[in-house]
Amino acid sequence: MISRDRWIEVIKDFQEMEMPRIIPRDIDIPLETPIRRSISIIGPRRCGKTYEMFYLISLLTEKYGRSKILYVNFEDPSLTGATLEDLIRMRKVFYEMYPENVGKKVWFFLDEIHNVENWEKFVRKCLDDNLNVFITGSSSKLLSREIATQLRGRNLSYYLYPFSFREFLKARNMNVSKYLSSSDKIKIMNALRKYISGGGYPEAVLYEKERERILKEIFEVTIYRDVIERINARNIKAVKLLSSALVNSSYFSVHKFYNFLKSRGIKISKNTLYSYFDAFVDALVVLPLFRLDFSYRKVEQSIPKIYFVDNGLLSVNGIDDAGRLMENAVAAELFRRGEEISYVKNHNFEVDFAVKKGKTVKQLIQVCYDIENFTTRERELKALREVSKLLKCKDLLVVTWDYEAEEEVKGRKIKFVPLWRWLLRL
C-alpha cells in the first residue's frame, strides 16, 4: 500500500520540480480533446516519452498553472506494487491538497502506468469525471490489450520513437531549410554519419561522450526489464542468445534458431522461443517486417526481416556495415511515419520496402549505399522494375547515400534520392 504521506510527497515534489531542458518533438499531441478520450504515448524505453509529457506539462503550466496538473512516474521504486486502490487514494489526496480543482479542469500525467494492475479502470473513472488523462507505456501489447478492452473507443494512441534525423539536428542546434549552401550540406552529411552510426536515443545524442555506455545500458535494461522480467523468462541464456541472433540477422526464423539451440544442448520449446521473440517486439525494440502478401495467414507464416527501432542498438553491438545501418534507418523512419510496409521477395528478386495503402502498393523503395557500383545497380534496379510490373506500382524510389537523379530505366521512371534529403523530406 502507498501511504497518504508518500502520495503527498510525490505530489509536492512534482509541484516544486523545475522542468528540464526540453527539445520539442515532431509529434502533434492535443492538450485538450472535445470528447472524453485518454491520450496514450507509446514507445520504447528511454525514447523520450517522459520528456514529451514534460513538454506538454510546460505548455499547460503557462496557460493554467502547475496546481491543476498531476504527474506521477510509476517506475519510481517507492511506488512499486501500487494497486488500483492506491490510484484512488492518489486522486483523493490530490483533491485534498488542491480543493479548488474539484469540478474544474485538471490533467493527470501517468508515466509507465502499465506497471499498475487494473490501471485502465482508474483511467476510465477519471474520464467519466471529465479529467484529462495522459498515459505512457514501454509495452505496446500491455497497453493495447487494455485499450482494446476496457478503454475501447475512449483512447487516442500516439507512438514516439527515438529522435528522427530532423530532431537529431534540432538537438544539435542545427537548423534545416529547403535551400542549403555547400557548407550547410557538409554539416548535414557529417551529422548524418553520426546519426547512422550512433542512432537517435535522446540521452546518447545529448551526452555524446557517454554514448556507448548509455546505449549499452539501454540495451541491457530493455532485455532484463522488458523481456526477462515482464514475461518471467526462465531461460536467461536463451534470451541472451536470442538478442545476439536478432542483432546479427537480416531474417529471423524461430525454427532455425530452435535447431541452433538444440545443437548446443539447450532445451527449450518453440512456443517459449516465440514468446521470447514476441517480448522483444512488444518492447518496441525489434521491428519485424513481413513479406508482402494479401493473405493474412501467409503474412504471419513468412520469415520476418529484422530491423531495430534505433541504429544505436545495432552499432553498440558491433554492427558497422554501412548498407545495413542505412537500410535500418530507412525502416525505422517508415515505422515512425506510420506507414504500412512489407518486403517483397521471391527466388529471383527482392525489394526492400513496399509501402501499402489497403490492398494497393503505392510505393516501392530500394535502399542502396553504393548505387554507382555497376553490379549492385543492375541487381537493385532490375528487382525494382520486375516488382513494379507485378504489383502495378509506378512510384519507384531508390534511397542512396548521396546520389540524386530521376532516370528512365527500360521504360520505368525511377527517382534516386539521397538519404539525408529523404529523412528530412526536403
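Structure summary
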read-out: Restricting segment 393-409 to residues that are surrounded by 13 or more Cβ atoms within 10 Å (Cβ to Cβ) and not in a strand (DSSP E or B), the residue that is nearest to the chain's Cα centre (by Cα); value: Trp401
read-out: Residue pairs meeting the criteria (Cβ under 7 Å; at least 6 apart or on separate chains; first under 17 Å from Trp420 (Cβ atoms) and modelled with pLDDT under 90, in segment 356-375; second surrounded by 19 or more Cβ atoms within 10 Å (Cβ to Cβ) and polar (S, T, N, Q)); value: Ile371/Thr400
read-out: Hey, Asp352 at pLDDT below 95, under 30 Å from Ala204 (Cβ atoms), among the charged types (D, E, K, R) and not in a helix (DSSP H, G or I) or not; value: no
read-out: Check on Lys92, of a type in the set (Lys, Arg), free of Cβ contacts under 8 Å to residues at least 12 places away in the same chain and either closer than 30 Å to Lys216 by Cα or not in a strand (DSSP E or B) (or both); value: yes
read-out: Unique residue being of a type in the set (Phe, Trp, Tyr), touching a helix residue (DSSP H, G or I) at 6+ places or on another chain (Cβ under 7 Å), in contact (Cβ under 8 Å) with a residue 40 or more places away in the chain and crowded, with 16+ Cβ neighbours inside 10 Å when the list is Phe109, Phe14; value: Phe109
read-out: Matching residues in segment 334-392 - criterion: being surrounded by fewer than 19 Cβ atoms within 10 Å (Cβ to Cβ) and either acidic (Asp, Glu) or in contact with a Pro (Cβ under 8 Å, 6 or more places away or on another chain) (or both); value: Glu339, Glu340, Glu350, Asp370, Glu372, Glu378, Glu386
read-out: Options Tyr64, Tyr71; residue that is aromatic (Phe, Trp, Tyr) and in contact with a Phe, Trp or Tyr (Cβ under 7 Å, 6 or more places away or on another chain); value: Tyr71
read-out: Single condition Lys216 does not satisfy, out of (1) assigned to a helix (DSSP H, G or I); (2) in contact with a helix residue (DSSP H, G or I) (Cβ under 9 Å, 6 or more places away or on another chain); value: (2)
read-out: Among (1) more than 17 Å from Leu397 (Cβ to Cβ); (2) at pLDDT 95 or above, the one test that Arg337 misses; value: (1)
read-out: Residues that are farther than 29 Å from Phe353 by Cα and among the hydrophobic types (A, V, I, L, M, F, W, C), drawn from segment 261-290; value: Leu261, Ile266, Ile268
read-out: Scan of segment 284-311 for residues that are part of a loop (DSSP other than H, G, I, E, B) and at pLDDT below 90, ordered by number; value: Asp293, Phe294, Ser295, Ser302
read-out: Count of segment 112-158 residues which are of a type in the set (S, T, N, Q), surrounded by 19 or more Cβ atoms within 10 Å (Cβ to Cβ) and modelled with pLDDT of 90 or more; value: 2
read-out: Residues that are within 20 Å of Pro77 (Cα to Cα) and part of a helix (DSSP H, G or I), drawn from segment 101-132; value: Ile113, His114, Asn115, Trp119
read-out: Selection from segment 410-426 of residues that are modelled with pLDDT under 90 and either crowded, with 20+ Cβ neighbours inside 10 Å or touching a strand residue (DSSP E or B) at 6+ places or on another chain (Cβ under 9 Å) (or both); value: Arg412
read-out: Qualifying positions in segment 319-333 - surrounded by 18 or more Cβ atoms within 10 Å (Cβ to Cβ) and either without any contact (Cβ under 8 Å) to a residue 60 or more places away in the chain or in contact with a strand residue (DSSP E or B) (Cβ under 9 Å, 6 or more places away or on another chain) (or both); value: Met326, Glu327, Asn328, Ala329, Val330, Ala331, Ala332
read-out: Candidate set from segment 74-89 (those that are touching a Phe, Trp or Tyr at 6+ places or on another chain (Cβ under 8 Å), of a type outside the set (D, E, K, R) and surrounded by fewer than 21 Cβ atoms within 10 Å (Cβ to Cβ)); member that is farthest from Thr136 (Cα to Cα); value: Ile88
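The values are calculated or read from the model by the stated rules, or taken from the named source; none is laboratory data. As the structure is a prediction and not an experimental result, all values here were calculated from the model. Here the Cβ is made from the backbone with ideal geometry for all residues, glycine too, and neighbour counts use every protein chain on show.
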